[in-house]
Amino acid sequence: MLDQVVLIAGVTVMGVLEQAYFSLQVIYARRKYSVSPPSTSGPPEFERVFRAQANCSEYFPIFIIILWVSGLFFSQGLSALCGLLYLYGRYQYFRGYAKMAHGRLAPLYFCAKVLWVLIGFSALGILGSMCRFYLDLDLKQLASSILDLIEEEGGDCKG
């Protein structure tokens, strides 16, 4: 069982470490710009770091849930790869936003696309499981059979 989740568990731990890093950056920015807690306003440089961390934290639960659903129901390997891409995108988002507000946009769009891919994987995986459990229909096997038929018909047309 553990071998079926080790990759997504690793990405999860990496995500937690990334969140900790973002939080530490807010602490450093508070010291650098003399913004004492609980205040959340200060120089624009501080506010950008603070908002970048807050935005990353807001999306983290969505990411973790969809990562695990996709990994369990669709593919651990593809989900872990998407998870790594998402974490890289979030790091780029944080760095870009900390420098200037417009620096967040390209990484934000990239992360959104990765999340949508994970949502798609999750939906396909759940649909496949539901069909298998409740309809006794294996969609992977059906798709493979259809592809084999198409391939055979393609071979007949060439000869």
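Some values worked out for this structure:
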{"read-out": "For the chain: relative contact order, % (alpha-carbon pairs under 8 angstrom, 6 or more apart)", "value": "22 percent"}
{"read-out": "Charge dipole magnitude, Cβ of K and R +1, D and E -1 - the chain, Cα centre, debye nearest 20", "value": "1320 debye"}
{"read-out": "Cα-based radius of gyration of the range 1-158 once divided by 2.2 N^0.38 Å, which approximates compact folds", "value": "1.41"}
{"read-out": "Using a Förster distance of 30 Å, the FRET efficiency for Ala101-Ala9 (Cβ separation, nearest 0.05)", "value": "0.30"}
{"read-out": "Estimated FRET transfer efficiency when R0 is 22 angstrom, pair Ile126-Gln19 (beta carbons, to 0.05)", "value": "0.25"}
{"read-out": "Selection from Met14, Ile146, Gln92 lying farthest towards where the dipole of the chain points positive, charges on Cβ", "value": "Gln92"}
{"read-out": "The chain: most fluctuating residue of Gln19, Gln141, Gln53 per GNM, C-alpha cutoff 10 Å", "value": "Gln141"}
{"read-out": "Phi to ³J(HN,Hα) by Karplus 6.51 cos²θ - 1.76 cosθ + 1.60 over the range 6-18, Hz, x for Gly, Pro", "value": "4, 5, 6, 5, x, 5, 4, 4, 4, x, 5, 5, 5"}
{"read-out": "Simple label model, 7 Å out from Cα along Cβ direction - Ser144 to Ser57, nm", "value": "4.7 nm"}
{"read-out": "Fluctuation leader among Ile64, Ile126, Ile146 - the chain, Gaussian network, Cα springs under 10 angstrom", "value": "Ile146"}
{"read-out": "Most mobile of Lys113, Lys99, Lys32 in a GNM of the chain (Cα contacts under 10 Å)", "value": "Lys32"}
{"read-out": "Charge dipole of the chain about the Cα centre (unit charges at C-beta), most positive-ward option of Tyr28, Leu127, Phe63", "value": "Tyr28"}
{"read-out": "Value of [θ]222 nm, deg cm²/dmol, for the chain, DSSP H segments ≥ 4, -39500 (n - 2.57) each, nearest 500", "value": "-29500 deg cm²/dmol"}
{"read-out": "Environment charge of Glu18, counting only residues whose C-beta is closer than 13 Å and scoring Lys/Arg +1, Asp/Glu -1", "value": "+2"}
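None of the figures in this text is laboratory data; all of them are computed from the coordinates on show. Values in this document were obtained by computation on a predicted structure and should not be read as measured data. Neighbour counts are summed over all protein chains in view; Cβ atoms, including those assigned to glycine, are modelled from backbone coordinates with ideal geometry.
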